[in-house]
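Let me begin by handing over the structure; questions about it come next.
The values are calculated or read from the model by the stated rules, or taken from the named source; none is laboratory data. Here the structure is a predicted model, which means the values were calculated and not measured. Every residue, glycine as well, gets a Cβ built from its backbone with ideal geometry; the counts of neighbours run over all protein chains shown. Surface areas here come from the heavy atoms of the whole protein model, side chains and all, with no ligands, DNA or RNA. Shrake-Rupley method; radii C 1.70, N 1.55, O 1.52, S 1.80 Å.
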Amino acid sequence: MLVFSGCSTKGQASPVENGSENSAKISGKLSFYTSQPEEDATKLAAAFNKKYPDVNVAIYRSGTEEVMAKLQAEKQAGQIQADVLLLADSVTFENLKRQNLLQAYKSPELGQIPAELADPDGMYAGTKVMATVLATNTGKVKTAPASWKVLTESAAKDAGIMPSPLYSGAAAYNIGVFSRTDGFGWNFLQAVKDNGMAVIKGNGAVMKAVASGEKSYGMVVDYMVAREKAKGSPVELTYPEEGVPIITEPIGIMKDAQNTAAAQAFVDFVLSEDGQKLAAEIGYSPIRKGISAPEGLKSISEMKIISGDLAKLTDEREADKQKFIDVFGK
């Protein structure tokens, strides 16, 4: 058994182990900022507290772009309050890494996470796989579409809805990817707009609109559709034939975290077998090897993925959002 040092081991494996003795040594407040739905974040904190009962997890939850705005405001004020972040996408974490706001931590659990889904410098690691798919209301759409192009066709005239990249990190990532993918580009997004696509704040609101029948088609993260379908709502999800953009909801520790020990333990738990089984139970596709996706969702190996250059997506995110405003309005 290793002994917990209580200090950050930047860029190295943590000495923290999951035994009850070491768990008892980790305590205090852990400030956790996340874009996860509130219910899921609460379940995660509760499961972590079963292993680390002396840690008080304080959750701040909002859309990724609003969480980033809060972090920047705290930075300007001289003290970032967050210890650990769990936000939508790697582009967001690349931005934080460039600002030197993250500390390196290579969890001992990383050996079970695909290397390409974790930062090689240890600044962040993916925690799950979430694809943006087409959701349809089965009361209004009898045959599920095969292609994203349905959003530009008469069948979806004034019947589609998507989340705003000004609020949702997943949506911001999607806009970056679609606008740079052959066969799509800004011409596709303009055609979607011209076909009457509505834009709403986040993925949850998109799902609600499709499930209620207010809209027939939605661009939304896959786990929400599977979860809504399991409740008995008249919805179906389609992984379009051209492929799907995916995000990995990475986790990372702030450079000036006040409780680094608890933050490292939290990262370890999220990536651990127990943490990943919890993710699957909640309804996400886990990222850890050997744990299956929940019923109704594809695993990453089953998906056809469309993606973009991470550096370029990071460089041009703000320009992409401005272009989105130019096309869709605020």
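For the range 193-231, enumerate the residues that are of a type in the set (Gly, Ala, Ser) and open to solvent by 60 Å² or more (accessible area, probe 1.4 Å).
So the first thing to find is which residues in the range 193-231 are of a type in the set (Gly, Ala, Ser), and the list is 196, 198, 202, 204-205, 209, 211-213, 216, 218, 226, 230.
Passing the criteria: Ser212, Ala230.
A further question on this structure: So which residues in the range 64-90 are over 21 Å from Tyr284 (Cα atoms) and touching a helix residue (DSSP H, G or I) at 6+ places or on another chain (Cβ under 9 Å), if there are any at all?
First, pick out the residues of the range 64-90 that are over 21 Å from Tyr284 (Cα atoms): 65-83.
Once the filter is applied, which keeps residues that are over 21 Å from Tyr284 (Cα atoms) and touching a helix residue (DSSP H, G or I) at 6+ places or on another chain (Cβ under 9 Å), the range 64-90 yields Glu65, Val67, Met68, Leu71, Ile80, Gln81, Ala82, Asp83.
Give just the number: which of (1) over 28 Å from Gln81 (Cβ atoms); (2) of a type in the set (A, V, I, L, M); (3) crowded, with 23+ Cβ neighbours inside 10 Å does Ile251 not satisfy?
All conditions are met except number (1).
Would you mind stating whether Ala77 is open to solvent by less than 10 Å² (accessible area, probe 1.4 Å) and either touching a strand residue (DSSP E or B) at 6+ places or on another chain (Cβ under 9 Å) or at pLDDT 95 or above (or both)?
In short, no.
Now for a separate question. Since Ser90 meets every condition but one in (1) open to solvent by 20 Å² or more (accessible area, probe 1.4 Å); (2) over 20 Å from the mean Cα position of the chain (by Cα), which condition does it not meet?
(2)
Looking at Ala170, Ala155, which is the one that is in contact with a strand residue (DSSP E or B) (Cβ under 9 Å, 6 or more places away or on another chain) and surrounded by fewer than 21 Cβ atoms within 10 Å (Cβ to Cβ)?
On the way: Ala170 fails: surrounded by fewer than 21 Cβ atoms within 10 Å (Cβ to Cβ).
Being in contact with a strand residue (DSSP E or B) (Cβ under 9 Å, 6 or more places away or on another chain) and surrounded by fewer than 21 Cβ atoms within 10 Å (Cβ to Cβ) holds for just one of Ala170, Ala155, which is Ala155.
From the set of residues in the range 103-152 that are in contact with a Ser or Thr (Cβ under 9 Å, 6 or more places away or on another chain) and basic (Lys, Arg), which is most open to solvent (accessible area, probe 1.4 Å)?
Lys140
Filter the range 50-67 down to the residues that are in contact (Cβ under 8 Å) with a residue 60 or more places away in the chain, outside any strand (DSSP E or B) and of a type outside the set (Asp, Glu), then identify the one that is surrounded by the most Cβ atoms within 10 Å (Cβ to Cβ).
Checked the range 50-67; the qualifying residue surrounded by the most Cβ atoms within 10 Å (Cβ to Cβ) is Thr64.
Considering the range 95-148 alone, what residues qualify as being under 30 Å from Glu214 (Cα atoms) and part of a loop (DSSP other than H, G, I, E, B)?
The answer is Thr138, Gly139, Lys140, Val141, Lys142, Thr143, Ala144, Pro145, Ala146, Ser147.
Let me ask something else about it. Any idea which residue in the range 297-330 is farthest from Gln36 (Cα to Cα), counting only those that are open to solvent by less than 50 Å² (accessible area, probe 1.4 Å) and at pLDDT below 90?
Within the range 297-330, the match that is farthest from Gln36 (Cα to Cα) is Gly329.
Check every one of the helices (runs of 4 or more DSSP H) wholly within the range 213-330 and list those with 3 or more residues that are in contact (Cβ under 8 Å) with a residue 40 or more places away in the chain and closer than 19 Å to Gly111 by Cα.
On the way: elements: 222-230, 260-271, 273-282, 310-315, 317-328.
Per the criteria, 260-271, 273-282.
Does Ala155 fit the bill of being assigned to a loop (DSSP other than H, G, I, E, B), more than 21 Å from Ala205 (Cβ to Cβ) and among the hydrophobic types (A, V, I, L, M, F, W, C)?
Values: assigned to a loop (DSSP other than H, G, I, E, B): no; more than 21 Å from Ala205 (Cβ to Cβ): yes; among the hydrophobic types (A, V, I, L, M, F, W, C): yes.
No: the conditions fail for Ala155.
Working only within the range 288-309, note down all residues that are out of contact with any Ser or Thr (no Cβ under 6 Å at 6 or more places or on another chain), closer than 16 Å to Ile246 by Cα and hydrophobic (A, V, I, L, M, F, W, C).
Ile300, Met303, Ile305
To keep it simple, each residue is scored yes or no on (1) under 25 Å from Ala226 (Cβ atoms); (2) of a type in the set (Val, Ile, Thr).
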residue	(1), (2)
Asn95	no, no
Ala115	no, no
Gly126	yes, no
Thr143	yes, yes
